[in-house]
Each structure stands twice: as C-alpha cells, then as structure tokens.
1. Filter region 15-33 for residues that are under 17 Å from the mean Cα position of the chain (by Cα), of a type in the set (D, E, K, R) and over 20 Å from Tyr146 (Cβ atoms) and give the result.
2. On the basis of being of a type in the set (Phe, Trp, Tyr), under 18 Å from Ala33 (Cα atoms) and crowded, with 23+ Cβ neighbours inside 10 Å, does Phe105 make the cut?
3. Can you say whether Arg9 is open to solvent by 10 Å² or more (accessible area, probe 1.4 Å), out of contact with any helix residue (DSSP H, G or I) (no Cβ under 7 Å at 6 or more places or on another chain) and modelled with pLDDT of 95 or more, as far as the supplied structure shows?
4. Exactly one of (1) more than 15 Å from Phe75 (Cα to Cα); (2) outside any loop (DSSP other than H, G, I, E, B); (3) open to solvent by 40 Å² or more (accessible area, probe 1.4 Å) is unmet by Asn124. Its number?
5. Please go through region 139-158 and give me each residue that is in a loop (DSSP other than H, G, I, E, B) and either of a type in the set (D, E, K, R) or within 18 Å of Arg117 (Cα to Cα) (or both), ordered by number.
6. Inspect region 159-174 for any residue being free of Cβ contacts under 8 Å to residues at least 24 places away in the same chain, crowded, with 16+ Cβ neighbours inside 10 Å, over 11 Å from the mean Cα position of the chain (by Cα) and not in a strand (DSSP E or B) and give the result as yes or no.
7. Counting only residues that are touching a strand residue (DSSP E or B) at 6+ places or on another chain (Cβ under 9 Å) and in a loop (DSSP other than H, G, I, E, B), how many does region 175-203 have?
8. List pairs: first in region 199-223 and acidic (Asp, Glu), second surrounded by 13 or more Cβ atoms within 10 Å (Cβ to Cβ), Cβ under 9 Å, 6+ apart or cross-chain?
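The values are calculated or read from the model by the stated rules, or taken from the named source; none is laboratory data. Note that the structure is a prediction, hence the values are computed from the model and not measured. Note that we place each Cβ from the backbone using ideal geometry, even for glycine, and neighbour counts take in every protein chain shown. Ligands, DNA and RNA are excluded from the accessible area calculation, which covers all protein heavy atoms including side chains. Shrake-Rupley method; radii C 1.70, N 1.55, O 1.52, S 1.80 Å.
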Amino acid sequence: MISVIVPIRNEGPEVVARFARFARADGAELVVADGGGSPETAAALAAAGARLVSADGSRGRRLDCAAREAQGEIFLFLHADSRPPENALEAARQALGNGAVAGAFSLAYEDPSFGMRWIAWWANARSRVLKIPFGDQGLFCRKEDYERAGRFRDMPVCDDLDLVRRLKRLGPVAIRREEVVTSARRYRETGALRQVLRNWRVLIGYFAGIAPETLARWYSPRA
C-alpha cells in the first residue's frame, strides 16, 4: 500500500479535489498532516476518506508525525499546492520496483509564462544531474528506507532537501518524466527573479551550515 502524505495549513477547499482520489484508490491511503487554520478544508478531507493527523511546528515535524501514523509500505509526500500526475501511484511503485531507493516527478508550474517554464527546466535539469529533487516535485520512498534515512527532521525550510540527501546515500534516486504541476503563487507575489535569488541564497546557506531559523527568515522575510 502507498500512503500519500500531504501537509496542510490555511489551505482552501481546492485541496480536497486535488487529493481526494487517493483516499478512494485501491492500495492507497490519504494521510493529511493538519497544521490548523483551515477547519472546513480538514473536515472536507476527512469526509472524503482522508486520515487527519494534527500536528504543530515546522513542516518537517508535521510530515514526520503523519508518516508515523501512515500504514503503507511506500510513502508519497506531496505539497498541498501541487497537482500530482494521474498515474502517480503506479509510477512510484514502478520506480521503486526497478531498484530506486527514492524518487520524484518532474516539475511544471500552473503559470505557462516563459519565465516559469525556464525555472521548471532548470529545476528538472538539476534533479536529473544531481539526483536531488525538492519536495514540490513529490517525493516517494519505501517506509523502511524513510526510517533508515532518519525521517523528516524538525526544520522550517530545506526539510525536503535534507531528507533527499540522506536517502541518496542509501541508493539510487529516480526522476520520473511525469509532471507534478505546482502553484507559482510565491513567484507571482515576490517576483520570479527575486524568488529565484532568494531560493539560491537559502540553498547556499543550507550547505554552508547556516541555522535553519535564519534560513527561514531569508525564505519568508515577512513571516
């Protein structure tokens, strides 16, 4: 069984339409890491068949709390503002069955502008060359390898990168051709170039060992 794990906090009702199919799919379950702020959405997800796990703190902590409650042999972590491919479950099973320890999908944005297509192209090139996908691409792995890698850590940002680097040490990381289509809201609000530069600053800071709390301020200076 695959556990599809999605963190929500202050999410709108569109999340229900995006993920409810996993609660009804054979051989799958939908586990929602509920960080609060959207009781109507949480109730609608529960009504659709999702299992809600209430947790506070960082996204990494909330995802790990949900993973501890998940019953699947495979975990598929998805962002709430991302639309996974139709064959997401089959693709994850196939990648892991072919010898990958972990994997992710290719990235696309809802915004079809040249700038956002360029950003997605570079993200996909980075993922395929370095085998280090980010969480907005959807991350999947076996439960046993998630545990062996040390699980998601309590980090406000870079929790996905941190986990993928540890999974990569255990074996191959597969990047699928199927696309996860993700919201470009942050890029629209901040400006594409400014957000790209902000992202790179955070990444460089992460590899340089800057404290996660400082990286979080860099990433969301108004938060």
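1. Answer for region 15-33, where residues must be under 17 Å from the mean Cα position of the chain (by Cα), of a type in the set (D, E, K, R) and over 20 Å from Tyr146 (Cβ atoms): just Arg18.
2. no
3. no
4. Checking Asn124 against (1) more than 15 Å from Phe75 (Cα to Cα); (2) outside any loop (DSSP other than H, G, I, E, B); (3) open to solvent by 40 Å² or more (accessible area, probe 1.4 Å), the one that fails is (3).
5. Arg151, Arg153, Asp154
6. Yes, because at least one residue in region 159-174 is free of Cβ contacts under 8 Å to residues at least 24 places away in the same chain, crowded, with 16+ Cβ neighbours inside 10 Å, over 11 Å from the mean Cα position of the chain (by Cα) and not in a strand (DSSP E or B).
7. Within region 175-203, residues that are touching a strand residue (DSSP E or B) at 6+ places or on another chain (Cβ under 9 Å) and in a loop (DSSP other than H, G, I, E, B) number 2.
8. Glu213/Pro156
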